[in-house]
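Novice: Supplied in structure tokens, the structure appears directly below.
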2 protein chains.
Amino acid sequence: MKSYHHGNLKKELLTCALKMCERDGYTKLSIRSLAKESNVSQTAPYRHFKTKEELYAAVATEGFNKLYKVMSKSKSQDHKKNLISSGKEYINFGLKNSNTYDLMFGTAIADFTKYPTLFISANKLYQHLRSAVANHSNEKDQDRIDEKSIDTWAKIHGLVGLLRKLQAVPSKVLKIPDTPIVAINKISKDLDGYLERFIEKI
Amino acid sequence: MKSYHHGNLKKELLTCALKMCERDGYTKLSIRSLAKESNVSQTAPYRHFKTKEELYAAVATEGFNKLYKVMSKSKSQDHKKNLISSGKEYINFGLKNSNTYDLMFGTAIADFTKYPTLFISANKLYQHLRSAVANHSNEKDQDRIDEKSIDTWAKIHGLVGLLRKLQAVPSKVLKIPDTPIVAINKISKDLDGYLERFIEKI
DNA sequence: TTATTATGTTTACACTGCAAACATTAGTTT
DNA sequence: AAACTAATGTTTGCAGTGTAAACATAATAA
């Protein structure tokens, strides 16, 4: 006779959800498939996540925490180095954890403020970016620092989106001229150089 | 006795899908709801769209065509004016047609090259952007023009994403400091000024 | 010990994508 | 004109989905 109650189902569901999300994409992550993969009844997850969006929010929160961790690894005295390292880690995360990335920065969760822990994790990440930008530039005006930070984020986020399109595309498409794919492929091949120029323009 | 065959169902399904997508978001756009709203049997759309993704692709294609249209309106001799106009139209489209925008630039359709008409429409838009950038800058090196084009798109796309987050958020959140929302709100209030500075940095 | 609460299961409903079998119409060939 | 074929519609059916409601059991508080 197996034990009726589980004990730490919530944590197990969450780690399982993270794995499934990354493996199959968040659109395939269903509450029922999650339950099945966790060997628990179909509707058991509802005791821990009131809606599917709440599950999404939990997965996204983990994503922000992970991303924060890798982005704040570099603690050099050279601020430029830190910024470049953060940028690389960001891109790497976006490409390696692309499905979780979608959840974090897509529109599946419309309003972050409905999920306080998610909101906090996302803001912490922004604060990291902002101080990296502030340290690197010699800007003092707070509004300009904000603007530069948003600029930087927007650009690198857009870049991740394009690099992912590049990954998705069949390789023979790379030879079709007059296509953004060709352009993004060139950047992809010299990402370090690109990032150098990127940083200079901040 | 009502007519069995419809005649131009495909076109009607498409316009209906566009409307529904914009109204409810593409995640709510189902083949069955589309059939119902078009007063036709549940599975009738399958005669015209083999899969749901094919329907998505058709909607996205229309989106690219529309966006191309508004972005290529401005035909001034002043290339800077054209570029700014295109940028504004892009942002406006992204904010007003945000659900279609998701379909166009999100990950719902993984590989554009599977849908030739979509691929062509998207490329046409890129070509417009690229020539606008080329005309504005005095850059001659083709690779640098490509890079500037990608840069420009990435940044403005990221900006649209952030402006949308701003729209989604309850207004009292605007007062919480140390939040990207505050920063993006400042940009939003002076979008023209922002775009001026934006263009200068291309 | 008993009452309450947290957490699990079962059942049920309305919805989804899509395949298969069937019906009707339009277009083409004889 | 008649007959065959292809295109386009309907009906039926299956497996999967989110989530609400009723029920069962275990952990905790009184």
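Novice: Once every DSSP H run of n ≥ 4 in chain A is given -39500 (n - 2.57) and the sum is divided by its residues, what mean residue ellipticity at 222 nm do you get, rounded to the nearest 500 deg cm²/dmol?
Specialist: -22500 deg cm²/dmol
Novice: Here's a follow-up. For residue A:116, place a label point 7 Å from Cα along the Cα-to-Cβ direction in every copy; what are the distances to the other copies, in nm, shortest first?
Specialist: 5.7
Novice: Taking N as the number of residues in region B:1-152, what is its alpha-carbon radius of gyration divided by 2.2 N^0.38 Å?
Specialist: It is 1.23.
Novice: For a label point 7 Å from the Cα of residue B:197 along Cα→C-beta, name the residues of region A:135-153 whose backbone N is under 14 Å from it.
Specialist: A:137-153
Novice: Also, I was wondering about something else. Among A:107, A:61, B:152, which comes first, second and so on when ranked by fewest other beta-carbon atoms within 10 Å?
Specialist: A:107, A:61, B:152
Novice: Give me P(r) over the protein assembly as shown, computed from all C-alpha to C-alpha distances, binned every 10 Å, as integer percentages.
Specialist: 4, 20, 30, 27, 13, 4, 1, 0, 0
Novice: Let me know the shape class of region A:80-179, please: from the alpha-carbon gyration tensor, a ≥ b ≥ c as square roots of the eigenvalues, rounded when a/c is under 1.5, otherwise prolate if a/b is greater than b/c, or oblate.
Specialist: Oblate.
Novice: Can you give the relative contact order of region A:50-201 as a percent, counting alpha carbon pairs under 8 Å and 6+ residues apart?
Specialist: Once divided by the residue count of region A:50-201, the mean separation gives 26 percent.
Novice: Which chymotrypsin sites (Phe, Trp or Tyr not before Pro) in region A:144-202 pass both tests, a DSSP loop state and at most 13 other beta-carbon atoms within 10 Å?
Specialist: Counting only loop positions with at most 13 other Cβ atoms within 10 Å, none of the chymotrypsin sites (Phe, Trp or Tyr not before Pro) in region A:144-202 qualifies.
Novice: 7 Å along Cα→Cβ for the label point: how many nanometres lie between residue B:202 and each equivalent label in the other copies, listed shortest first?
Specialist: 2.3
Novice: Quick one: length gained pulling residue B:65 to residue B:95 fully straight, 0.36 nm per residue minus the C-alpha distance?
Specialist: That works out to 9.1 nm of additional length.
Novice: Between region B:159-202 and region A:15-52, what's the alpha-carbon centroid distance in Å?
Specialist: Taking the Cα centre of each part, region B:159-202 and region A:15-52 sit 35 Å apart.
Rule-based calculations on the coordinates, nothing more; no lab input. Bear in mind the structure is a predicted one, so any value in this text is a computation, not a measurement. Cβ sites come from the backbone with ideal geometry, for glycine too, and all protein chains shown count toward neighbours.
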